[in-house]
1. How many residues does region B:76-99 hold that are more than 9 Å from every other protein chain (Cβ to nearest Cβ), surrounded by 21 or more Cβ atoms within 10 Å (Cβ to Cβ) and more than 18 Å from the chain's Cα centre (by Cα)?
2. Within region B:25-75, can you find the residues that are touching a residue at least 40 places away in the same chain (Cβ under 8 Å), within 14 Å of A:Thr153 (Cα to Cα) and either assigned to a strand (DSSP E or B) or more than 15 Å from the chain's Cα centre (by Cα) (or both)?
3. Out of the residues in region B:178-196 that are over 13 Å from the mean Cα position of the chain (by Cα) and touching a residue at least 60 places away in the same chain (Cβ under 8 Å), which is farthest from B:Arg214 (Cα to Cα)?
4. Residues that are farther than 26 Å from B:Leu79 by Cβ, within 14 Å of chain B (Cβ to nearest Cβ) and surrounded by 17 or more Cβ atoms within 10 Å (Cβ to Cβ): does region A:140-158 have at least one?
5. Those residues that are free of Cβ contacts under 8 Å to residues at least 60 places away in the same chain and over 23 Å from A:Val77 (Cβ atoms), I need them from region A:111-147; list them, please.
6. Going by the structure shown, is A:Leu83 at pLDDT 95 or above, surrounded by fewer than 18 Cβ atoms within 10 Å (Cβ to Cβ) and either out of contact with any strand residue (DSSP E or B) (no Cβ under 9 Å at 6 or more places or on another chain) or on the phi > 0 side of the Ramachandran plot (or both)?
7. Does region A:44-59 include one or more residues that are assigned to a loop (DSSP other than H, G, I, E, B), hydroxyl-bearing (Ser, Thr, Tyr) and more than 24 Å from the chain's Cα centre (by Cα)?
8. Any residue in region B:122-140 that's small (Gly, Ala, Ser): show its pairings with residues that are in a loop (DSSP other than H, G, I, E, B) at Cβ separation under 9 Å, as long as the two are six or more apart or on different chains.
Amino acid sequence: MRPLKTINLAGLAFFFSLLLLWEISSRSSALQVYFPPVSEVVLSLFRLMLSQELLGHVGKTVKRFLTGYFLSAVLAVGLGIILGYFRLAYAFFEMLIEFLRPMPSVAIIPVAILFLGIGDSMIVAVTVYACTWPILINTIDGVRNIDRTLIHTGRTFGLGQWKILRRIALPAASPYIVTGLRISLAIALILVTTAEMVVGGGGVGYFILDEERSLRTSNMYAGVVLIALLGYGLNQLFLYIERKMMAWHRGAAAEEIV
Amino acid sequence: MPLLKVEELSKSYRQLDGERTVAIEEISFQVEKGKFVSLVGPSGCGKSTLLMCIAGLIPPSAGRVTVKGIEVSGPPPNLVLLFQEYNKSLFAWRSVLGNVLFGLEVKGKRSQQAEEKARHLIGLVGLSGFEKHYPWELSGGMQQRVAIARALAYEPEVLLMDEPFGSVDALTRLELEDALLHLWEDLGTTILFVTHDIEEAIYLSDSICVLGRRPSKVLQRIDVSLSRPRNQLATRADMRFMELRNEIYKQIGEPAH
């Protein structure tokens with residue numbers, strides 16, 4: 001594995017030349033209203049942050065995101081472990097899962113509005129719904145891939161069914177669970193942003209759409225950049241925690257390849 | 001009263017095509033407290049199936065197993081089964097110390113004392129200094145030592161071992177045999193040891209049950225009168241060792257009728 005600290009110079013150079021291209025093409029364009037230069041977008045972003053206008057929106061988005069994400073994590077991991085372990089339980093749910101999983105989760109937003117209105121609970125609910133699938137599927141997979149010997153070991157040490165689930169199935173399946181959690185991280189942000197655009201109760205998604213409608217395009221882009229930064233930051237935080245918690249697995253997995 | 005008693009135990013499976021395979025048939029033997037008893041038989045004679053039944057992990061088709069007079073219907077609390085595949089039975093997410101502590105935690109022991117005991121056992125199996133290592137960082141032989149320490153931490157009255165040294169190299173195997181004998185002599189745990197290695201069985205045991213080919217039955221119970229402590233060179237050079245080896249080999253080597 002490549003050392004994680006190495007700076008990818010080529011990637012960095014490419015990234016900044018794209019920004020430069022953006023700047024130049026925008027300044028030589030007649031449509032600057034729709035397509036402001038990147039320097040202006042960055043300036044808008046700083047201005048908005050300083051005026052605290054955006055911070056309120058960010059707070060709302062982050063709160064909805066965290067609530068939805070963690071609720072779905074607890075729900076999907078718990079359910080996934082049970083469905084992965086008990087064949088009969090999975091048989092009950094299989095059709096339902098296979099039917100609902102491929103459906104684009106945003107399609108559930110109008111339904112959720114009908115039942116929950118346009119408040120935070122609706123946004124959190126659709127986020128939970130969308131995030132559940134990757135975590136659920138990966139957890140089920142992970143539990144199914146546990147070697148029988150590991151389960152037998154738990155049993156011979158006198159563990160009952162529930163303790164085996166908690167103390168053996170959960171940690172043994174955790175590399176799969178983490179994969180699901182990482183996929184859902186991005187999904188949670190998509191759902192929160194989309195739902196905010198639809199219902200208009202504040203949040204970065206709402207802010208982006210509102211600025212577009214008011215033709216403050218520079219602010220709109222600032223919102224887009226902000227949500228991208230938010231996604232990037234959350235992903236980095238996730239990777240950092242993963243490296244700490246799953247150190248045992250990186251080593252074990254590398255050993256298996258050798 | 002024997003500590004462990006197996007009475008006319010049979011186990012048959014229904015295969016996917018509906019046919020029944022008899023893995024073991026009417027096996028009977030007993031293990032006295034504190035003894036080291038081996039089951040030796042050809043590969044595929046159902047030895048693992050037998051141990052799984054004794055450990056209460058799978059139900060027998062007929063017959064019964066009793067530990068201290070109590071019939072086994074699920075995993076008995078005073079018995080632990082140690083598997084051959086250490087790489088599958090160790091907890092990859094726990095350190096060496098964590099793995100050994102598991103044997104104590106499941107009995108509700110989590111104190112400072114428990115940790116001291118775990119460290120003591122790690123020392124006994126010769127892994128001092130490796131407490132913080134993870135299983136993948138250790139060699140196969142060292143991993144099996146961790147598994148043994150974890151099993152002993154549980155303080156079982158009976159330790160079942162399913163070809164525990166079958167996946168390590170020949171030299172490591174000799175080392176592990178001696179390490180196991182020392183532990184057994186120190187701790188007095190009753191051991192039922194399964195192997196297809198006749199010499200290993202003789203070297204370790206007080207008594208050997210010879211199993212025939214599938215469906216296996218106990219062909220003979222042989223007492224090993226070699227003196228203890230045993231020595232890899234002297235014991236294996238003993239005339240009686242060779243006689244026993246020949247006797248057992250003749251029985252197992254006979255083709256099925």
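The values are calculated or read from the model by the stated rules, or taken from the named source; none is laboratory data. Quick caveat: nothing in here was measured; it's all calculated off a predicted structure. Neighbour counts are summed over all protein chains in view; Cβ atoms, including those assigned to glycine, are modelled from backbone coordinates with ideal geometry.
1. The total comes to 2.
2. Matches in region B:25-75: B:Ile58 only.
3. We begin by selecting, within region B:178-196, every residue over 13 Å from the mean Cα position of the chain (by Cα); these are B:178-179, B:182-183, B:185-188.
Those left that are additionally touching a residue at least 60 places away in the same chain (Cβ under 8 Å): B:186, B:188.
Values: B:Asp186: 36, B:Gly188: 33 Å.
Result: B:Asp186.
4. Within region A:140-158, one or more residues are farther than 26 Å from B:Leu79 by Cβ, within 14 Å of chain B (Cβ to nearest Cβ) and surrounded by 17 or more Cβ atoms within 10 Å (Cβ to Cβ).
5. A:Val111, A:Leu114, A:Phe115, A:Leu116, A:Gly117
6. No, not satisfied.
7. Scanning region A:44-59, I find at least one residue that is assigned to a loop (DSSP other than H, G, I, E, B), hydroxyl-bearing (Ser, Thr, Tyr) and more than 24 Å from the chain's Cα centre (by Cα), so the answer is yes.
8. Matching pairs, first to second residue: B:Ser139/B:Val168; B:Gly140/B:Ser167; B:Gly140/B:Val168; B:Gly140/B:Asp169.
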